[in-house]
Amino acid sequence: MTKKIAIYPGSFDPITNGHIDLIRRASKLFDEVIIGITQNSKKSAFLSIEDRINIASQTLSNISNIKVMSFNTLLVDFAKTQNAQVILRGLRAVSDFEYEFQLSGMNKHLDANIETLFMTPAEQYANISSSLVREIHTLGGNISAFVPSSVVQLLKR
Ligand code: ADP
């Protein structure tokens with residue numbers, strides 16, 4: 001039987017408790033979930049790609065069917081090389097919808113065989129975003145309720 005593999009792509013800069021909630025849920029639905037970490041061309045990175053990979057790998061090490069990788073190719077090409085049938089994206093609020101809808105439409109145009117699947121996080125994570133976490137941290141606020149402790153520790157150093 002074909003393994004059901006999903007790619008969860010994002011910049012994860014940094015990974016948040018909302019991302020982790022989604023990954024845990026997805027890990028129960030798929031044989032394998034690949035966290036695909038990308039350098040987002042629109043934003044300059046807050047954490048290095050190495051730090052983002054290390055933190056995600058450490059934080060998710062207790063889930064056996066998770067793989068953390070980085071990629072810098074077209075997402076559909078990355079999905080194909082990993083034999084993934086599904087691209088997983090998170091929806092927090094209506095405001096995410098327009099961008100995500102456009103992205104999924106473009107990806108479907110590029111490769112009609114790869115499905116985009118949207119998941120929502122538990123309610124308490126719906127307001128967490130990496131960009132707000134970066135802003136709060138930069139202004140000296142406490143981000144420990146929003147991210148895994150390895151992110152807090154890394155940023156203290
Ligand atoms: P990108 O820069 O590609 O938007 P992100 O790392 O910000 O990547 O997010 C990756 C995916 O996770 C996106 O689909 C985003 O909507 C989703 N996401 C971000 N934060 C949360 C959250 N708190 N709960 C659920 N999904 C989220």
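The values are calculated or read from the model by the stated rules, or taken from the named source; none is laboratory data. Model, not experiment: these values are computed from the prediction. Neighbour counts run over all protein chains shown; Cβ positions are idealised from the backbone, glycine included. Heads up: the accessible areas ignore ligands, DNA and RNA and are worked out on the full protein's heavy atoms, side chains in. Shrake-Rupley method; radii C 1.70, N 1.55, O 1.52, S 1.80 Å.
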Of the conditions (1) modelled with pLDDT of 95 or more; (2) surrounded by 12 or more Cβ atoms within 10 Å (Cβ to Cβ), L155 fails just one. Which one is it?
(1)
So, restricting to strands (runs of 3 or more DSSP E) that lie completely within the stretch 1-119, which ones have at least 2 residues that are more than 12 Å from the ligand (Cβ to nearest atom)?
5-10, 32-37, 66-70
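Yes or no, residue by residue, for (1) among the small types (G, A, S); (2) open to solvent by less than 50 Å² (accessible area, probe 1.4 Å):
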position: E50; (1), (2): no, no
position: I55; (1), (2): no, yes
position: Q58; (1), (2): no, no
position: S70; (1), (2): yes, no
position: K80; (1), (2): no, no
position: A84; (1), (2): yes, yes
Scope the stretch 90-127; condition open to solvent by less than 40 Å² (accessible area, probe 1.4 Å) and in contact with a helix residue (DSSP H, G or I) (Cβ under 9 Å, 6 or more places away or on another chain); matching residues
G90, L91, N107, D111, I114, T116, M119, P121, A122, A126
Hey, R134 touching a helix residue (DSSP H, G or I) at 6+ places or on another chain (Cβ under 9 Å), among the basic types (K, R) and more than 14 Å from G10 (Cα to Cα) or not
no
Lone qualifier among T73, T2 - being in contact with a helix residue (DSSP H, G or I) (Cβ under 9 Å, 6 or more places away or on another chain) and at negative phi:
T73
